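Some notes on the structure that comes next.
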Amino acid sequence: MKIVVIGGNPAGLSAASAIRRIHADWRIDVYEKDQYISYGSCGIPYYVANEVKSLDNLITLTREKMEQQRDIPVHLFHEVLKVNFKNKSVLIRDIKNDKEFKKEYDYLVITTGGKAKELLNVEMNHPHIFKIHTLGHAKRLKTFLKENKVNSVVIIGAGYIGLEMLESYEAQGVNEVTIIGPRLVFNSQSQNYIKEELEKHGVKVILQKRVKTIEPLSNNQLKVILKSGQELTADIVQVSIGVDPATDIFRGTDLAMLPNGAIITDEYMRTNIENVYAAGDCVASYHQILEENVYIPLAPAANKQGRIAGVHISGNKVDPFPGVVGTSIFKVFDLYCGRTGISEKQAKRIGFRVQATHIENNEIAHYYPGVKKMSILVIFDSKSHLLLGAEIIAPSPLGAKKIDVFATALAAKMKIEDIQKLDLSYAPPFAPVWDPILIVANVARKKCE
C-alpha cells in the first residue's frame with residue numbers, strides 16, 4: 001500500500017506512526033512545506049519569553065528520527081499543490097528545486113493544519129508586523145526583539161495566543177503593551193479577572209473594538225487605526241486574530257467542508273471521499289454538547305484524531321473519536337484560566353433552560369500559607385440539571401486544572417447532583433475540606449427546578 005500524508009504536524013505523524021506499527025512493509029511518505037515538523041506551537045510564547053531556551057526544545061519528533069527509527073520518509077520543503085481524488089494522485093512542488101511532480105496513493109491522510117488569520121487590507125509582510133503561529137514566526141519575532149529596542153507593542157486579538165504573549169513582551173523589556181479584542185476569551189464575568197490582572201501589569205486593554213487598518217508612521221513605527229477612529233502608535237504590531245483551516249487547495253473539490261474550510265469527517269476520521277482521511281487543525285470536530293460540527297483547533301484532539309486515522313487505515317480495530325467538549329487552559333501573568341463546555345449564549349441558542357452560578361472560594365485550606373481565592377462559574381440546564389459548561393480563574397495551576405473534573409463530567413453527561421456526590425481528594429495544600437467544585441455544585445443545585 002502507498003500512503004501519502006500531507007503535513008508533518010503531530011496529527012500527520014501520529015497517523016503515519018500508527019500505520020507503521022502495524023504494517024512494516026507499506027510505503028508511507030510525509031510531505032511538509034515548512035522546515036519544521038512535530039512541534040508544539042503552544043510553547044511559542046514561552047520560547048519568546050526565554051523560558052524555553054531553544055526552538056529545538058519545542059520539537060517532539062525530528063525528521064531523522066522519523067526516517068531512521070520509524071522508516072517513514074519526511075520530505076521537507078515539499079508543498080502539495082493539488083489533489084486529484086479521482087485518479088488518487090497529488091501534485092507536489094519541491095520548493096528548494098522549484099520542481100513539480102505527481103505522487104499516487106492508495107490512502108491519503110490530510111493533516112494540513114491551521115493558518116493564522118490575516119487582517120484585510122493590511123500588508124502583513126511589513127517587517128514590524130508579526131504573526132505568531134509557526135516556529136518560523138517565533139524565531140523571527142525573538143530575533144527582532146533581540147536586535148532592536150522595542151518600547152511599545154500593540155497586540156490585535158485577545159485570544160489565547162494574544163494573552164499568553166503578554167508575558168513574553170514583559171520578559172523582553174517592552175514598556176508599553178496594548179491589547180485589542182472583542183473580549184478576553186470569556187463571554188462572562190470571568191473576563192473581569194483577566195482585565196484586572198492585565199491592568200495590574202500595566203497592559204492597556206481595549207475591548208469591543210475592531211481594527212480598520214495598520215499604516216506605517218515612519219521607518220520604525222506603525223499606526224493602528226480602529227474603526228471607531230481611535231489611533232494608536234507602536235514599534236511593532238502582533239496580529240493574533242484566530243486560526244483558519246489550511247485547506248485552500250481543496251476549495252472547489254468534492255471534499256466536504258464547513259463554510260470556513262474545516263474538513264468534515266466521521267468518527268474514524270474518514271472524509272466523504274473513499275480512502276481519504278483527515279485529522280488535526282484542518283478538520284471539524286463533533287461537539288458533544290452542541291451536537292454539531294465545530295472548529296476548535298487544539299493539540300489534544302489532533303493527536304488522538306491522527307492515531308485513530310492511522311489505525312483505521314491499517315485495518316485494525318480502534319475506538320471512534322467521540323468528539324470534544326471544548327476544554328482549554330491558559331496562563332495570563334499570575335492567573336491560570338480554564339474553560340470547558342458551552343457558554344450561556346450558546347446554551348440559550350440551542351434551547352436549554354439556562355442558569356449560571358458563580359462563586360469565589362479559597363483555592364486551598366484557609367489556614368494554609370499562601371491561600372488565595374479562585375473563581376468558578378458553572379452553566380447548566382435548570383430543567384434537566386445537566387452541566388453545560390464551566391469556567392475557572394485560579395491563582396495557581398492546581399486550581400485551574402480542576403477544569404478537567406468538569407470536562408469529565410460533561411463527557412459523562414453528569415447532572416449537578418452527580419457532581420455534588422463526587423468523592424474528591426482533600427488535604428490542606430490542595431483544597432479546602434469542601435472542594436470549590438462541590439461548593440459551586442451545591443449552590444447551583446438550589447437553582448434547579
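Bear in mind these aren't lab numbers, they're just calculated from the coordinates by the rules spelled out. It should be emphasised that the depicted structure is a prediction, and the values quoted were computed from it without experimental measurement. Cβ atoms come from the backbone with ideal geometry, glycine included; neighbour counts cover every protein chain shown.
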For the chain, size of Cβ-based charge dipole, Lys and Arg +1, Asp and Glu -1, in debye | 400
Once Lys and Arg get +1 and Asp and Glu get -1 on their Cβ, which of Asn293, Ala116, Ile194 lies farthest toward the positive end of the dipole of the chain?
-> Asn293
May I ask you to order 154-165, 216-227 by the average number of other C-beta atoms within 10 Å around their residues, highest value first?
-> 154-165, 216-227
Using Cα positions and a limit of under 16 Å, work out the lysines in reach of Lys117, with same-chain residues fewer than 8 apart set aside.
-> Lys131, Lys212
Looking at the range 12-85, which chymotrypsin sites (Phe, Trp or Tyr not before Pro) are DSSP coil and have at most 15 other C-beta atoms within 10 Å of their C-beta?
-> Phe77
Return the Rg/Rh value of the range 45-138, two decimal places, where both radii are evaluated on C-alpha atoms and Rh is the Kirkwood radius.
-> 1.03
Calculate the radius of gyration of the Cα atoms of the range 332-404 to one decimal place, then report Dmax, the largest Cα-Cα distance, as a whole number, both in Å.
-> 13.9, 45
Radius of gyration and Dmax for the range 271-362's Cα atoms, expressed in Å?
-> 16.9, 54
Reachable lysines from Lys446, Cα under 25 Å, same-chain residues fewer than 8 places away excluded?
-> Lys345, Lys348, Lys373, Lys383, Lys402, Lys413, Lys415, Lys421
Using every alpha carbon pair in the range 308-444, what percent of pairs falls into each 10 Å bin from 0 up to the bin containing the largest distance?
-> 12, 39, 29, 14, 6, 1
Once the other residues with Cβ under 14 Å from the Cβ of Ser343 are scored (Lys, Arg +1; Asp, Glu -1), what is the net sum?
-> +2
If the limit is 24 Å between Cα atoms, which of Lys200/Lys372; Lys2/Lys99; Lys115/Lys146 go over it?
-> Lys115/Lys146
Once you treat every alpha carbon in the chain as an equal point and sum by Debye, what is log10 I(q)/I(0) at q = 0.08, 0.09 Å⁻¹?
-> -0.52, -0.66
The farthest towards the positive end of the charge dipole of the range 328-445, of the residues His366, Leu398, Phe352, given +1 on Cβ of Lys and Arg and -1 on Cβ of Asp and Glu, is Phe352
Which GluC sites (Glu not before Pro) does the range 36-77 hold that lie in a coil by DSSP with at most 14 other beta carbons within 10 Å?
-> Glu51
Compute the projected area of the convex hull of the Cα atoms of the range 1-100, averaged over all viewing directions, and report it in nm² to one decimal place.
-> 7.5
For the range 118-241, what is the per residue volume of the convex hull drawn over the alpha-carbon atoms, in cubic angstrom?
-> 100
For the range 306-362 versus the range 24-45, the gap between their alpha-carbon centres in whole angstrom | 26
